[in-house]
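Asks: Next up is a structure, given as structure tokens.
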Amino acid sequence: MNSIGVMVTTNPNICDNRFPNCVRMELEIKPIDDDSFDLVANIRFGEHTIRTNSYGEATFGFRKGKLKVELDQGEIPLKNIKLDKRFQTEIEIEFKQQEGKEKQFGGNVGWRAGGSAASKKTKTEGQEFKYKEYQVRTEGGNADPCWIFEAKYQEFLEGLLQDTELAIVDVTEKPCRLVAIFNIEAIEDICLTNGKLLGIKNITKKRLAIVERWIANYWIENLLQNQSYLSRVELTHG
């Protein structure tokens, strides 16, 4: 599945969410002064169920998605890119590394006069480590920055990014127009979470699961390919 390019139009304040249970995106402008404004996001990620008489129904989410912003008469320098941490943009992972040390007491193994059986005792020592796994990163230039969301340690993107500043936009001329599009770029970004598909009989469970997943992926992929975007917002300032 190829990502779709963004085309800026002159219609202000348009919001279209085609699979709102999967991705519902709302953006707003909060003016700072005449030459700049905050771009603020509210985005909800979750699962969406589609139904058809031919296949049945399937529920899916997205493992990864890209929020692309394109500006006309405005720019977002790197120093202006921001993102709040309330949407678990990082997950702290803790693990312990085990180190075994062998200590031997009682001399040589065996019996001897005036002695006792030798014994072995192993003492395990560990050291704890912590690191952070980020679920969002950025790319792109001043006029077309992108935020890439990717699920870590969970099946699909799920949660709420609420009243969060994405960036400060510097206005070069007025009106400054902005188009934001959320999309996925590959079939691998789709996560099938549930489904009641087909009505195949005389087939093993394992093979049925493979067939169902293939049809669900094919069905969902075709559905999404017919959409130029999953979520789209247009804003105008000035």
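Asks: So who's got an amide H within less than 5 Å of the one on Phe37, skipping anything under 5 residues away but keeping other chains? H placed 1.01 Å off N, in plane.
Replies: Ile32, Val169, Val171
Asks: Applying a 10 Å radius around every beta-carbon, put 42-49, 61-68 in order of their mean neighbour count, most first.
Replies: Descending packing order for the listed peptides: 61-68, 42-49.
Asks: Checking the table Lys66/Lys196; Lys30/Lys68; Lys66/Lys206; Lys30/Lys64 against a 23 Å threshold on Cα-Cα, which pairs fail?
Replies: Correct reply: Lys66/Lys196; Lys66/Lys206; Lys30/Lys64.
Asks: With r defined as the distance between the Cβ atoms of Asn222 and Glu150 and R0 fixed at 30 Å, what FRET efficiency is calculated, to the nearest 0.05?
Replies: That pair, Asn222 with Glu150, gives E of 0.80.
Asks: To the nearest 0.05, what FRET efficiency results for Glu188 and Ile14 with a Förster distance of 35 Å applied to their C-beta separation?
Replies: 0.70
Asks: Count charges around Ile32 for me, please; just the other residues with Cβ under 15 Å from its Cβ, Lys/Arg as +1, Asp/Glu as -1.
Replies: It works out to a net charge of -4.
Just so you know, all these numbers are worked out from the coordinates, no wet-lab data involved. As the structure is a prediction and not an experimental result, all values here were calculated from the model. Cβ: placed from backbone, ideal geometry, glycine included. Neighbour counts: every protein chain shown.
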